[in-house]
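Heads up, the thing below is written out as structure tokens.
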Amino acid sequence: MGYHVTILKTEAGEPISLTREVILKGIKNFPKFTFVDNTVYRNGEFFLDYSNGELWLKNPDEKDLEDMISIANNIGARVRGDEYETYESCERFFIHPDDEVLVEKAKVESESIRKKTKRNQFILNASIFSFFLCLVFFFKFMGWLE
């Protein structure tokens, strides 16, 4: 797993794919970045992966976020984390209006998972209790318990 951060564009809640041309435009003012074979390199080392019309990075540090925000600002895009937070800077983030529906869906799904987990835990606990209760009755029946 890990924490993923993405550079993406949306309009009215719909994703807009970043093209190779747009990415090249986004990095052209930064000599430390190059874009080769669906990968953005920073100073010759792997930085961002390009897939499904988005640039993304796993487990970024502050410098990574700052660079991603700079690239995103150059192309009219934004940087979004796993929990749908859009970064203005490393310290400041907000829920973008295009993501509000996704946040609500995630809350509903999370609540559904919580309820199923709670029900399954109850069933497991009841099963364990019933097993030991049956074991006690069996031992009493066999005369092994007085």
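Just so you know, all these numbers are worked out from the coordinates, no wet-lab data involved. Everything numeric here is computed off the predicted structure, so don't read it as measured data. A quick note on method: Cβ atoms are made from the backbone with ideal geometry, for glycine too, and the neighbour counts reach across all protein chains shown.
General remarks:
- For percent of Cα pairs over 25 Å apart, calculated from these coordinates, the label among (1) 29; (2) 21; (3) 47: (3)
- Residue exposure sequence - M68, M142 - by fewest surrounding Cβ within 10 Å: M142, M68
- Extension gain (nm, one decimal) between F131 and A12, 0.36 nm per residue minus Cα-Cα: 37.3 nm
- Calculated FRET efficiency, I95 to K63, Cβ-Cβ distance, R0 = 30 Å: about 0.75 to the nearest 0.05.
- Approximate spin-label separation F138-K118, in nm, with each point projected 7 Å along Cα-to-Cβ: 3.3 nm
- Estimated from helices alone, the mean residue ellipticity of the chain at 222 nm is -15000 deg cm²/dmol (sum of -39500 (n - 2.57) over DSSP H runs with n ≥ 4, per residue).
- DSSP H segments from the chain that extend 27 Å or more along their own axis, Cα-based, with Kyte-Doolittle mean of -1.0 or above: 100-142
- Under 16 Å from the H4 label point (7 Å along Cα→beta-carbon), backbone N, the stretch 70-96: 79-86
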